[in-house]
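Report on the following structure.
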Amino acid sequence: MNFFKVLMNPDQEEKELGERMIVAKAANLLQVGEFQLLQLAYVDWYGEELGEEMSSFLFKSYMIEHQVPPWARHYARKILALSEDGQLDDREPSYHRYDRDYHENGPRGLKAFCLASAACVFMLVGGLMLADKTATKSATLLPPYFGEDELKISDQGKQSSMTWGRSDTIPPHRAPAPIP
């Protein structure tokens, strides 16, 4: 189908797919793949898992040849009817039996909340206590925050003639020698 045909008639693809669109809509409602919906439909219709050989045949006939088996069409319509009635729960684990990454995260209750809160309080109080023990008294209000021990004049500072550092360690200025 080219771009301009799609622009002129956007519903044409849905009409061409026909029954396959029913399966796709049902799969979207359950938040599973189309082939996964076919697996669920097979189990619902026949009461047994889809075999390896049948799986290959079904994949080829559905995905490549666009043939929808009647039992898949029936299951997809059943899902659509449940959705229209408002009775479809897409988080039900039976719909996600083939999902490897699907986890049901139920509410853990008051115990988990209290445990998480206690851990947060413990970390906060521990951090504050550690900060209080390691911090020295600051001699300045603005950055850089020097401690009082960093601003004390050492015995070496009085004897040296360094011209950098604190202003009270700079030797007095000498007057220039007179010009003859």
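Remark: the Leu110-Gln87 segment gains 5.3 nm on full extension, using 0.36 nm per residue and subtracting the alpha carbon distance. The range 52-104 and the range 107-156 have Cα centres spaced 56 Å apart. As a rough footprinting exposure proxy, the listed residues Thr140, Thr134 were ranked by other beta carbons within 10 Å of their own, and the order from fewest upward is Thr134, Thr140.
All of the numbers you see were taken from the coordinates with simple rules; none came from a lab. What you see is a predicted model; the values in this text were computed from it and never measured. Every residue, glycine as well, gets a Cβ built from its backbone with ideal geometry; the counts of neighbours run over all protein chains shown.
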